[in-house]
Amino acid sequence: MSFHPKMFACIHGLEPLSGVRSLALPEMLLDVWNVRGAPGAGGRYVSMHPRFVFLFAGRNMLLHRRGEVADGPCAACYIPAGLDLQGNVTAAGQLRHLDLHLSLERLRRIVPRCVPLDLPVFLPDLSGFDAIAEVLAQECEDPQRSAAHVEALADALLLEVFHRAQRDAPRQAGASLPMDSLRAFVLANLEQRISVETLAARAGLSRTVFNRTFREETGQSPYQWVLQLRIERSKALMAEGHSFATVAANTGFADQAHFTRAFKAAAGVPPGVWTKGPRRMPSGPILQDR
């Protein structure tokens, strides 16, 4: 069954030079557009499905969320489902671009789990994947095309976009790590396994750069930091009277035995001793209330 995405677009100053070339595949739709943009041309776009846009021949646009200012010209982007986006051409003239829409389920099957699909990606040029994007656009105009070949090219292109975004992130990351955001994410997901890759992706950094930067800023590894949050949450739960098995399940430990070993290593005493001693109430604010 072909994929038909739902999208709202309100454009101005953009005139089609030829009919759109489309290729509908299961869970994916590709469009090749060739338009002429007047000075200041642009539009507002909202899609109910994730989409990617690639602009050819060195062209770019200023893309930004509604109410925000664009960081700079963009030639390739990933736009999460439901993101209200504003776009304007940087120069009048011909504009040829490839739009790729797909279901969120398919996208999740393509990219690694650590990639945050709720965050947009804006790239200033097509460097590194311009050839793949061009071949994919040509495939959409070829009546003899192979659907399997097109899907393989599309998967490779999408992976390359996220790889490029992660690769370039260290050069763009002059600010400190978003510790408040990372803390909120960890506290909301303590019952699950939280990998360094997941935290690095949310910070927009590669694993290597994230590990190094995290140690420089906090003096500990991401693993030690997450474990510390797990232990602090476990103290709060035990102070409320929850059983050790319940505490272990709600703080991400494999079982009660695993929790007991980790707690003793961190606190110096087993959970049973801690609950009976003067350390019953955790010191400082209870992290779950932050």
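Run down ALA239, ALA188 and say which single residue is closer than 21 Å to ALA257 by Cα and either at pLDDT 85 or above or assigned by TED's automatic domain parsing to the domain that holds TYR78 (or both).
ALA239
Just name the residue that is nearest to ALA203 (Cα to Cα) out of those in region 168-185 that are modelled with pLDDT under 85 and surrounded by 13 or more Cβ atoms within 10 Å (Cβ to Cβ).
Taking region 168-185 and keeping what is modelled with pLDDT under 85, we get 168-177.
Of the ones still in play, those that are also surrounded by 13 or more Cβ atoms within 10 Å (Cβ to Cβ) are 168-170, 173, 177.
Values: ASP168: 13, ALA169: 9, PRO170: 10, ALA173: 9, LEU177: 7 Å.
Among those that are modelled with pLDDT under 85 and surrounded by 13 or more Cβ atoms within 10 Å (Cβ to Cβ), it is LEU177.
Can you pull out every residue in region 53-84 that is surrounded by fewer than 20 Cβ atoms within 10 Å (Cβ to Cβ), in a strand (DSSP E or B) and in contact (Cβ under 8 Å) with a residue 24 or more places away in the chain?
LEU62, ARG65, PRO73
Got a number for residues in region 178-212 being assigned to a loop (DSSP other than H, G, I, E, B), within 17 Å of the chain's Cα centre (by Cα) and not small (Gly, Ala, Ser)?
The qualifying residues number 4.
If a residue has to be at pLDDT below 85 and of a type in the set (Val, Ile, Thr) to count, how many in region 131-149 make the cut?
Residues in region 131-149 being at pLDDT below 85 and of a type in the set (Val, Ile, Thr): 0 in total.
Of these, ALA254, ALA267, which one is out of contact with any Lys or Arg (no Cβ under 6 Å at 6 or more places or on another chain), surrounded by 14 or more Cβ atoms within 10 Å (Cβ to Cβ) and either more than 20 Å from ASN189 (Cα to Cα) or not acidic (Asp, Glu) (or both)? Talk me through it step by step, then tell me what you get.
Working: ALA254 fails: surrounded by 14 or more Cβ atoms within 10 Å (Cβ to Cβ).
Result: ALA267 is the single residue among ALA254, ALA267 that is out of contact with any Lys or Arg (no Cβ under 6 Å at 6 or more places or on another chain), surrounded by 14 or more Cβ atoms within 10 Å (Cβ to Cβ) and either more than 20 Å from ASN189 (Cα to Cα) or not acidic (Asp, Glu) (or both).
Starting from residues that are of a type in the set (Asp, Glu) and surrounded by 13 or more Cβ atoms within 10 Å (Cβ to Cβ), keep the ones in region 97-141 and report whichever is farthest from ALA57 (Cα to Cα).
Within region 97-141, the match that is farthest from ALA57 (Cα to Cα) is GLU139.
Looking only at region 182-193, decide whether some residue is closer than 22 Å to PHE122 by Cβ and in contact (Cβ under 8 Å) with a residue 40 or more places away in the chain.
No - not one qualifying residue is present in region 182-193.
Take ILE231 and tell me if it is crowded, with 16+ Cβ neighbours inside 10 Å and not in a helix (DSSP H, G or I).
No, not satisfied.
The values are calculated or read from the model by the stated rules, or taken from the named source; none is laboratory data. Keep in mind the model is a prediction, meaning the values are calculated, not measured. Here the Cβ is made from the backbone with ideal geometry for all residues, glycine too, and neighbour counts use every protein chain on show.
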